[in-house]
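Read-outs throughout are calculated quantities, based only on the coordinates presented, and are distinct from any laboratory measurement. The structure presented is a predicted model; accordingly, all values stated were derived computationally and were not measured. Note that each Cβ is placed from the backbone with ideal geometry, even for glycine, and that neighbours are counted across all protein chains shown.
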Amino acid sequence: MEFPINASPKILYPYLATASGLSQWFCDDVRYVEGQRLNFIWDNDNHFAEITGQRLNRAVRFVFLDEHRQSVPDANFLEFTLDSSQVTDEVYLRVVDYSLAQDADEQHEMWEGLVSKLREQVGG
């Protein structure tokens, strides 16, 4: 999914790639646990993930771990990429949500709501 956002990649990136930024719009709380691992907290449930790819002001990828905080084959992952249009100067947030998919419409609606919260945070 792609969403236009009226903010520069330098402003947006910390909201996508840091625990404090993510906790402002994405879930109830996010905490660093060790190295490149984070704990995403939704409704008091812990979901551990590892940052497996990162490009400053461009992209970040979180791969979710099992209940023992171990990597698993074909794991769920979440990837945020920021793209800028050279022609229009617009910035787009591309979201890849690879998980046990719920209804596609429901998932799109969920992301619309989350990105709306992000826009409120960055003023875009």
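At a glance:
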| quantity | calculated |
| --- | --- |
| Selection from the range 44-60 of residues that are under 18 Å from K10 (Cα atoms), in contact (Cβ under 8 Å) with a residue 24 or more places away in the chain and in a strand (DSSP E or B) | G53, Q54, V60 |
| Filter result for the condition that a residue is at positive phi and surrounded by fewer than 18 Cβ atoms within 10 Å (Cβ to Cβ), over D66, D43, D83, D28 | D43 |
| Neighbours by Cβ (under 9 Å, 6+ apart or cross-chain): first from the range 98-122, touching a residue at least 24 places away in the same chain (Cβ under 8 Å) and closer than 18 Å to L82 by Cα; second of a type in the set (A, V, I, L, M) and part of a helix (DSSP H, G or I) | L118/L12; L118/L16; V122/I11; V122/L12 |
| Some residue of the range 110-124 being in contact with a Lys or Arg (Cβ under 9 Å, 6 or more places away or on another chain) and either of a type outside the set (D, E, K, R) or surrounded by fewer than 11 Cβ atoms within 10 Å (Cβ to Cβ) (or both) | no |
| Tally, over the range 76-103, of residues that are hydrophobic (A, V, I, L, M, F, W, C), under 14 Å from M1 (Cβ atoms) and in a strand (DSSP E or B) | 6 |
| Where F48 falls short, out of the listed (1) touching a Ser or Thr at 6+ places or on another chain (Cβ under 9 Å); (2) of a type outside the set (S, T, Y); (3) surrounded by 17 or more Cβ atoms within 10 Å (Cβ to Cβ) | (1) |
| Of all residues in the range 1-29 being part of a loop (DSSP other than H, G, I, E, B) and small (G, A, S), the one that is nearest to the chain's Cα centre (by Cα) | S23 |
| Residue list for the range 21-40, filter: farther than 19 Å from V95 by Cα and of a type outside the set (D, E, K, R) | Y32, V33, G35, Q36, N39 |
| Failed condition for A104, given (1) more than 19 Å from G124 (Cα to Cα); (2) of a type outside the set (S, T, Y); (3) surrounded by 14 or more Cβ atoms within 10 Å (Cβ to Cβ) | (3) |
| Residue in the range 104-121 that is aliphatic (A, V, I, L, M), within 15 Å of P14 (Cα to Cα) and part of a helix (DSSP H, G or I) present | yes |
| I41, sole failed condition from (1) in contact with a strand residue (DSSP E or B) (Cβ under 7 Å, 6 or more places away or on another chain); (2) part of a helix (DSSP H, G or I); (3) not basic (K, R) | (2) |
